[in-house]
Every structure is written in structure tokens, then in C-alpha cells.
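Structure, as C-alpha cells:
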Amino acid sequence: MANVTINKEINFTAIDKLNMISVPRDIKKLDKAITITGAIMYTTVDTTTGEVKPVGAVKTADGDIYGFTSTTLIECTDMIIDVFTDGASEITVMPITGQSNAGRTFYQFKVLSVK
């Protein structure tokens with residue numbers, strides 16, 4: 001994968017990585033809980049600006065890949081990967097939004113269960 005550097009991952013196959021680049025779903029449009037079975041954090045280079053951007057993605061039990069560039073979600077993903085490393089096989093989360101003091105919308109994962 002050109003211009004992609006994987007920083008941390010768990011339970012992502014080569015096909016999952018291809019799908020995260022070519023057909024990710026937008027986590028911001030999700031309005032229900034999902035069960036995560038894998039997660040990845042990577043950087044990619046914007047072909048127009050040359051800027052290196054951090055990106056995260058999660059894989060659901062259904063095989064869907066949800067991608068995001070939210071700093072808060074990427075930080076949550078780092079911790080989710082650690083929970084998988086400690087032996088979890090599934091983590092059910094609900095994406096939620098909040099409002100910063102500056103009035104910006106931010107996104108977080110609310111963990112509902114860990115198996």
C-alpha cells in the first residue's frame with residue numbers, strides 16, 4: 001500500500017487493509033452500536049499537500065471497515081488494540097459525539113461490553 005505506514009494493528013488481514021483503503025464506511029454516519037473484532041492505526045500521505053495524516057479504522061464482526069481521522073477516536077483505538085492484546089475477542093462500542101469548549105464536535109467510542 002503506497003503512502004501508508006501501519007503504526008499499530010490487531011486482527012487485520014491483507015484483505016481488511018485493502019478494504020480500509022478502498023471502501024471504508026464513515027464512522028461519523030454510524031448511529032448504532034458495533035462489535036469490533038480488529039483495529040488499526042496508520043499514517044497516510046495526502047497526495048495533494050504531502051501532509052502526513054494519522055488515520056484509524058476498526059473491523060466489525062460483520063466484516064465492515066469503519067475509518068476515521070478523528071484524533072480522539074484514534075486515541076481510543078490505541079487503547080482498544082491494547083484490550084485485544086490483553087485477550088479480548090470482541091469489543092462492542094457506541095460512537096458518540098461531544099462538543100468541545102471551542103464549539104467543535106468531537107467523536108469518542110463508548111465501550112458497552114468486552115468479551
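The values are calculated or read from the model by the stated rules, or taken from the named source; none is laboratory data. Everything numeric here is computed off the predicted structure, so don't read it as measured data. As a convention, Cβ positions derive from the backbone with ideal geometry for all residues, glycine included, and neighbour counts pool all protein chains shown. The accessibility values were calculated without ligands, DNA or RNA, using every heavy atom of the protein model including side chains. Shrake-Rupley method; radii C 1.70, N 1.55, O 1.52, S 1.80 Å.
Yes/no per residue for (1) without any contact (Cβ under 8 Å) to a residue 12 or more places away in the chain; (2) out of contact with any Pro (no Cβ under 7 Å at 6 or more places or on another chain); (3) crowded, with 18+ Cβ neighbours inside 10 Å:
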| position | (1), (2), (3) |
| --- | --- |
| T5 | no, yes, no |
| I36 | no, yes, yes |
| A39 | no, yes, yes |
| Y42 | no, yes, yes |
| V52 | yes, yes, no |
| V58 | no, yes, yes |
| T71 | no, yes, no |
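May I ask you to list the residues in region 82-112 that are of a type outside the set (V, I, T), closer than 22 Å to D26 by Cα and outside any loop (DSSP other than H, G, I, E, B)? The answer is M94, P95, G98, Q99, F106, Y107, Q108, F109, K110, L112. Of T77, T105, all but one fail to be modelled with pLDDT of 95 or more and either open to solvent by 40 Å² or more (accessible area, probe 1.4 Å) or not hydrophobic (A, V, I, L, M, F, W, C) (or both); the exception is T77.
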